[in-house]
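First up is the structure itself, then whatever we jot down about it.
The values are calculated or read from the model by the stated rules, or taken from the named source; none is laboratory data. Bear in mind the structure is a predicted one, so any value in this text is a computation, not a measurement. Reconstructed Cβ throughout: ideal geometry from the backbone, glycine too, with neighbour counts over all protein chains shown.
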Amino acid sequence: MKRLVLIAGLMTAFVLAVVAVGASGGVNFAGTWNLDKAKSQGLDQRMENAESVACVITQDDKTLTMEWKITGGQQGGPGSGGGGGRGPGGPRTYNLDGKEVMSEGQMGGSSAAKATWSSDMSSLELATVRTGNRDGQEFKFTTVDKLSLSADGKVLTIKRHNESPRGTTDSLLAFNKQ
């Protein structure tokens, strides 16, 4: 009987540990990441001309926040967010449980941000849709970033897909951990 109770206790502890790991998410992307232009493809004009591009990611069990710090280069361009070193629309926070985060846009309109883990929890898809009306014209900007880390955790790769009134662009952004 004692053996049965011990086995049941160990199995319960194992199941709880597995659930805790799954609840906390997969890979931890936290850190300051510097763009490696030589390994990147399809950079927008602002990133291409910038002196430096850094992606600062903070992450805990429930959320991930990305902030872009772009120094120098030309203002504007797809995905640039219009300046201030803030990158695409300023800091973005995503819920890691898959629930959408709604916010008001900087120039009116609204923004919806959603994170989705891959089935093996090794990569994360971050989707942001900004909609609104500027000068009587409806607009919609969609950005989907697929984040993955190298095996040693020193290289962050973001496969980016943008759709806007200006068209569709795809890029590959490679970052080295600072």
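Examine segment 128-138 for a residue that is outside any strand (DSSP E or B), on the phi < 0 side of the Ramachandran plot and either exposed (fewer than 15 other Cβ atoms within 10 Å of the Cβ) or in contact (Cβ under 8 Å) with a residue 40 or more places away in the chain (or both), and state whether such a residue exists.
no
Quick check on this structure: which one of PHE139, PHE175 is farther than 19 Å from GLN59 by Cβ and hydrophobic (A, V, I, L, M, F, W, C)?
Going through PHE139, PHE175 in turn, just one is farther than 19 Å from GLN59 by Cβ and hydrophobic (A, V, I, L, M, F, W, C): PHE139.
Against the definition (modelled with pLDDT under 95, surrounded by 14 or more Cβ atoms within 10 Å (Cβ to Cβ) and of a type in the set (S, T, N, Q)), how does GLN75 come out, yes or no?
no
Go through (1) over 18 Å from GLY42 (Cβ atoms); (2) exposed (fewer than 15 other Cβ atoms within 10 Å of the Cβ); (3) at pLDDT 95 or above; (4) not small (Gly, Ala, Ser) one by one and return the number of the condition ASP170 breaks.
(1)
Taking segment 114-127 on its own, how many of its residues are in a strand (DSSP E or B) and either modelled with pLDDT under 95 or not hydroxyl-bearing (Ser, Thr, Tyr) (or both)?
Taking segment 114-127 as the starting set, the residues that turn out to be in a strand (DSSP E or B) are 114-117, 123-127.
Then keep just the ones that are either modelled with pLDDT under 95 or not hydroxyl-bearing (Ser, Thr, Tyr) (or both); that gives 114-115, 117, 124-127.
Residues meeting the conditions: 7.
Out of the residues in segment 139-168 that are without any contact (Cβ under 8 Å) to a residue 12 or more places away in the chain and assigned to a strand (DSSP E or B), which is farthest from ALA30 (Cα to Cα)?
Filtering first and then ranking leaves GLY167.
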